[in-house]
Amino acid sequence: MTRTVLITGATGTVSTALTKALAGADVDLRALVREGSGADGPRERGAEVFVGDLDDARSLAPAFEGVQDVWLLTPNGPRAPENAMNAVWAARRAGVERVVRLSVVGAAHDAPNRSGRLHALSDRETERCGMRWTILRPHWFMQNLLNEAGDVAATGTFSLNMASARIGMIDVRDLAECAARVLLDDPDRHHGQTYTLTGPRSLTFDEVARELGRALGRSVTYLPVGDDARRGTLLGHGVPGWIADMLEEYARAYASGWGDLTTGTVAGLLGRPPRDVSDFARDHAAAFTPAGDD
């Protein structure tokens with residue numbers, strides 16, 4: 001029987017990549033989107049769209065009815081555990097068989113950042129949900145570098161408050177393919193597993209800059225800045241204060257060496273090495289190139 005998979009967070013970067021990774025698979029896709037968030041993208045990728053909001057438990061039942069597998073991605077924010085709880089409760093009431101949950105690297109009750117501590121609460125709830133479950137804990141996304149693409153294109157530089165941090169960053173496409181692999185495998189195969197997903201090597205941002213430069217054929221320089229300067233930039237771009245605080249906590253943790261780790265989990269799930277930052281830079285070179293340049 002063809003299984004029905006519900007994708008939450010369906011319009012975001014990770015879930016968009018996941019729906020692409022599931023294209024052509026023998027599953028019926030559903031996408032949960034908020035009112036006014038734009039359903040065209042998920043629909044174009046073959047998903048049946050349901051309107052609902054993880055903030056509103058009463059809005060979720062129709063999307064979960066008849067679903068076997070849920071991809072659970074909650075927005076970053078102080079209500080993340082409530083959002084996850086609402087989804088898990090809706091899944092239980094609908095008779096869902098499996099939850100595959102997107103967590104974060106290092107999620108734990110004593111994580112050095114509020115995101116990690118909040119995700120730990122939802123991870124624990126997922127582990128005790130009474131359904132089959134798998135938790136994915138990806139490292140820092142290479143796609144985060146796209147936030148700096150405008151500066152790189154304009155000045156050949158980018159600024160982060162990461163000091164000399166070394167990070168085992170992962171390409172979102174690999175995360176999505178790992179999630180697809182779990183969702184397409186027999187539900188028992190990955191039940192009870194928590195997978196920490198990283199790229200193939202741990203990199204400083206000076207090394208990232210060099211890889212971007214090679215892909216672009218020109219010099220790119222990483223300029224470390226302080227927390228206050230970075231916070232000002234984020235707030236100036238409209239990033240909410242809570243998110244800016246969370247990112248500052250991550251930056252401090254990474255600068256202390258907390259993110260200097262890699263695993264072989266992506267290769268174990270996909271049967272191939274994860275993408276390197278050099279692959280990311282080559283594939284996304286156009287985003288870092290000034291308009292009008294070849």
Could you go through the range 256-266 and let me know if any residue there is farther than 30 Å from L183 by Cβ and small (G, A, S).
yes
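Residue check: is A10 touching a Pro at 6+ places or on another chain (Cβ under 8 Å), part of a strand (DSSP E or B) and buried (at least 23 other Cβ atoms within 10 Å of the Cβ)? Let's see the steps before the verdict.
Working: touching a Pro at 6+ places or on another chain (Cβ under 8 Å): yes; part of a strand (DSSP E or B): no; buried (at least 23 other Cβ atoms within 10 Å of the Cβ): yes.
No; evaluated as a whole, the condition is false for this residue.
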Within the range 1-57, the residues that are more than 21 Å from the chain's Cα centre (by Cα), within 25 Å of E82 (Cα to Cα) and touching a residue at least 60 places away in the same chain (Cβ under 8 Å) are T4
Quick one: would you say S122 is in a helix (DSSP H, G or I), assigned by TED's automatic domain parsing to the domain that holds G95 and under 30 Å from A287 (Cβ atoms)?
no
Among (1) within 29 Å of E97 (Cβ to Cβ); (2) crowded, with 21+ Cβ neighbours inside 10 Å, L145 falls short only on (1)
Checked the range 25-71 for anything of a type in the set (D, E, K, R) and crowded, with 17+ Cβ neighbours inside 10 Å; matches are R30, R34, R45, D69
Where the second residue is surrounded by 12 or more Cβ atoms within 10 Å (Cβ to Cβ) and β-branched (V, I, T) and the first is touching a residue at least 24 places away in the same chain (Cβ under 8 Å) and lies in the range 220-242, which pairs have Cβ atoms under 6 Å and are six or more apart or on separate chains?
V220/V152; T221/T157; L223/T157
Would you please name the residue that is farthest from the chain's Cα centre (by Cα), looking only at residues in the range 183-215 that are under 17 Å from L136 (Cβ atoms) and part of a helix (DSSP H, G or I)?
L184
Scanning the range 125-142 for residues that are of a type in the set (D, E, K, R) and not in a helix (DSSP H, G or I), the one surrounded by the most Cβ atoms within 10 Å (Cβ to Cβ) turns out to be R137
Failed condition for A149, given (1) assigned by TED's automatic domain parsing to the domain that holds L235; (2) at positive phi:
(2)
If I go through the range 209-241 residue by residue, how many of them are touching a strand residue (DSSP E or B) at 6+ places or on another chain (Cβ under 8 Å) and of a type in the set (A, V, I, L, M, F, W, C)?
5
If you take the residues in the range 91-116 that are among the hydrophobic types (A, V, I, L, M, F, W, C) and assigned to a loop (DSSP other than H, G, I, E, B), which one is surrounded by the most Cβ atoms within 10 Å (Cβ to Cβ)?
V105
State which residue is nearest to L160 (Cα to Cα) when the search covers only the range 242-254 and only residues that are of a type in the set (A, V, I, L, M, F, W, C) and out of contact with any strand residue (DSSP E or B) (no Cβ under 9 Å at 6 or more places or on another chain).
L247
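The values are calculated or read from the model by the stated rules, or taken from the named source; none is laboratory data. What you see is a predicted model; the values in this text were computed from it and never measured. For neighbour counting, all protein chains shown are included, and Cβ atoms are generated from backbone atoms with ideal geometry for every residue, glycine included.
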